[in-house]
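Peer 1: Take this structure first; my questions come after.
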Amino acid sequence: REFSRIPVIVKLTPNVTDVTVPAEKALDGGAHAVSLINTIKSIVSVDLDAFVPRPIVGGKGTNGGYCGPAVRPIALHMVGSIARNPKTARLPISGIGGVSTWRDAAEFIAMGATTVQVCTAVMHHGYRIIEDLNQGLSDFLDEKKLGSVNELVGRAVRNYTRWNELDPAYHHVAEIHKEHCIGCNVCV
């Protein structure tokens with residue numbers, strides 16, 4: 001950062017055990033913000049005739065980056081982890097990973113993101129999706145009587161806890177809709 005005249009935003013990888021560790025290091029190094037998540041290392045499939053991971057290039061294959069809606073739950077968890085970590089809670093976060101709708105954007109913001117980035121959805125649906133995201137988010141803020149998106153930032157973080165801190169005595173009973181029931185007994 002000492003050589004930069006523009007804000008430094010460190011993009012964090014999800015390919016770690018605990019994303020708060022590199023977030024803390026980025027903050028210690030003077031980063032102005034973090035963005036996350038980058039793509040998740042993955043292998044799409046394996047050609048079982050050639051025994052080569054796909055895509056095959058000259059008889060060999062390698063891993064690639066998994067992105068889009070399937071990574072959104074992982075990204076939300078990691079954004080929330082940084083937002084609730086006392087050491088990094090003040091660090092601005094740009095949320096990335098599977099944002100396709102205004103609701104996705106709102107969830108990232110509620111989990112602590114101060115900005116949201118969209119990539120894969122734009123590739124699939126074009127730039128017009130940004131207008132839909134903006135309009136949907138604006139309508140949602142109006143519905144919730146929030147004066148600005150800043151009032152939404154981090155609203156869900158205080159309710160995000162570790163699984164072992166949940167009340168073990170809490171019970172939730174499945175609600176069965178007889179008109180949809182096929183008698184599989186999975187609910188039991």
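The values are calculated or read from the model by the stated rules, or taken from the named source; none is laboratory data. From a predicted model like this one, the values you see are computed outputs, not experimental measurements. Neighbour counts are summed over all protein chains in view; Cβ atoms, including those assigned to glycine, are modelled from backbone coordinates with ideal geometry. Note: areas computed on protein heavy atoms with side chains; ligands, DNA, RNA excluded. Shrake-Rupley method; radii C 1.70, N 1.55, O 1.52, S 1.80 Å.
Peer 1: At a 1.4 Å probe, what is the % contribution of carbon and sulfur to the accessible area of the range 1-40? Mind showing how you got there, number by number?
Peer 2: Numbers: 1320 of 2510 Å².
Ligands and nucleic acids excluded, carbon and sulfur give 53 percent.
Peer 1: Sticking with this structure for a sec: How much of the accessible area of the range 42-188, in percent, comes from carbon and sulfur atoms when a 1.4 Å probe is used?
Peer 2: Looking at the range 42-188 in its full context, I get 56 percent from C and S.
Peer 1: Please label the shape of the range 1-147 as rounded, prolate or oblate, based on the square roots a ≥ b ≥ c of the eigenvalues of the alpha-carbon gyration tensor (a/c under 1.5 means rounded; beyond that, a/b larger than b/c means prolate, else oblate).
Peer 2: Details: a/c = 2.17, a/b = 1.32, b/c = 1.65.
Judged from the Cα gyration tensor, the range 1-147 comes out oblate (a/c at least 1.5, b/c at or above a/b).
Peer 1: Could I ask something else about it? Describe numerically, in nm with one decimal, the distance between label points set 7 Å from Cα along Cα→Cβ at residue 9 and at residue 159.
Peer 2: It works out to 2.8 nm between the two label points.
Peer 1: Among rounded, prolate and oblate, which fits the range 136-188 when a ≥ b ≥ c are the square roots of the eigenvalues of its C-alpha gyration tensor, a/c under 1.5 means rounded, and a/b larger than b/c means prolate? Before the final figure, lay out each step's value.
Peer 2: Details: a/c = 4.30, a/b = 1.60, b/c = 2.68.
Oblate, since a/c reaches 1.5 and b/c is not below a/b.
Peer 1: Follow-up question, since we're still on this one. Check the straight Cα-Cα distances from residue 25 and name the lysines below 24 Å, setting aside those fewer than 8 residues away within the same chain.
Peer 2: Residue 25 reaches 11, 41, 87.
Peer 1: Of the peptides 94-104, 45-55, how do they stack up when ordered by the mean number of other Cβ atoms within 10 Å, highest first? Walk me through the numbers on the way to the answer.
Peer 2: Working: 94-104: 22.1, 45-55: 11.4.
With the highest mean Cβ count within 10 Å placed first, the list reads 94-104, 45-55.
Peer 1: Counting other Cβ atoms within 10 Å, which trypsin sites (Lys or Arg not before Pro) in the range 127-162 have at most 10 and lie in a DSSP loop?
Peer 2: 145, 162
Peer 1: Is the shape of the range 73-188 rounded, prolate or oblate, going by the alpha carbon gyration tensor and its root eigenvalues a ≥ b ≥ c, with a/c under 1.5 for rounded and a/b larger than b/c for prolate?
Peer 2: Details: a/c = 1.97, a/b = 1.30, b/c = 1.52.
Judged from the Cα gyration tensor, the range 73-188 comes out oblate (a/c at least 1.5, b/c at or above a/b).
Peer 1: Oh, and also: Treat every Asp and Glu Cβ in the chain as -1 and every Lys and Arg Cβ as +1, leave all other atoms uncharged, and give the resulting dipole magnitude about the Cα centre to the nearest 20 debye. Intermediate values should be presented prior to the final figure.
Peer 2: On the way: 19 positive and 18 negative charges, 115 e Å.
Dipole size: approximately 560 debye.
Peer 1: Leaving out ligands and nucleic acids, note down the accessible area per residue over the chain with a 1.4 angstrom probe, in whole Å².
Peer 2: On the way: 13000 Å² over 188 residues.
Accessible area per residue, the chain: 69 Å².
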